[in-house]
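Worksheet for the structure shown next.
The values are calculated or read from the model by the stated rules, or taken from the named source; none is laboratory data. As the structure is a computational prediction, the values presented were derived from the model and not from experiment. Positions of Cβ are generated from backbone atoms using ideal geometry, with glycine treated the same way; all protein chains shown enter the neighbour counts.
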Amino acid sequence: MRLLIAVIAGLAAIVILVRAVEARFAFFPSAGEHPTPDDLGLTFERATLSTSDGEHLRAWLLPNPTARALVVYFHGNGGNLSMWLPILAGLHRQGFTVAAIDYRGYGSSTGRPSEQGLYRDVDAALEWASRLVRPGLPVLYWGRSLGATMAAYAATKQRPDGLVLESGFASARALLRASPVQGLLSIFSSYRFPTAEYAGLAGCPVLVMHGDADTVIPFGNGRELFATLPEPKRFLTIAGGDHNDVAPSDPRSYWSAVDEFVAALR
């Protein structure tokens, strides 16, 4: 009985410890808002979005008068909008109107990040983006890394015309499976980030892209995510692509895959 009590107490202590520090291992926000699209000569609009629990999020809109789709973009777990600016600008140059947010605790947004908090941030982003939709203009939710989970979640709330999941993973546990210690700790974590589950419910075409040289989320995790999804779906291997590339390592194949995906939506 004493041994049982000691084991239960030990497990309880582990749960408390893991949940006290899990946010530090999941989120790496940077404060501030510099540079902005202005620094690249791009017209953009700032917006402040309110979440259901009272946080205020910074959002950017990069309008494109000849847009072939509206991209609602969800960035990864590090940095802020300014760090991801080269990617947003790249999407704009390829003919998209781009709407993007900084999650709570990132950039100029208030609050502290958590899994459930980020879902509330996505809800606020969708309410904002719904006012940007134009007749005949396809809507894409595009998420990178942790943002892939957010984009997939968004698709379960308001179905887009297409979903792009870049450098993502099937779930937090799938990502940590390769490490026995981290895998064990993930059992006690409250974080799940079930990308595959959400994307499977999206009910729209999905393009999964993953670099075969990804040093953060291994290529196999991207393949695992893809394997769980129903049709219609497509997978692109980004040859030589690493996790935090701000420009595609193989731009011709990358943008050709995106162009074909968008064209099929039309």
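The set of residues in the range 186-234 being free of Cβ contacts under 8 Å to residues at least 60 places away in the same chain and of a type in the set (S, T, N, Q) consists of Ser186, Thr195, Thr215, Asn221, Thr228.
Summed over the range 23-74, the residues that are farther than 25 Å from Arg93 by Cβ and either in a loop (DSSP other than H, G, I, E, B) or without any contact (Cβ under 8 Å) to a residue 60 or more places away in the chain (or both) give a count of 11.
In this structure, Arg173 does satisfy being among the basic types (Lys, Arg) and surrounded by 16 or more Cβ atoms within 10 Å (Cβ to Cβ). When the criteria are applied in full, Ile238 fails the requirement of being in contact with a Phe, Trp or Tyr (Cβ under 7 Å, 6 or more places away or on another chain), surrounded by 14 or more Cβ atoms within 10 Å (Cβ to Cβ) and either polar (S, T, N, Q) or at pLDDT below 95 (or both).
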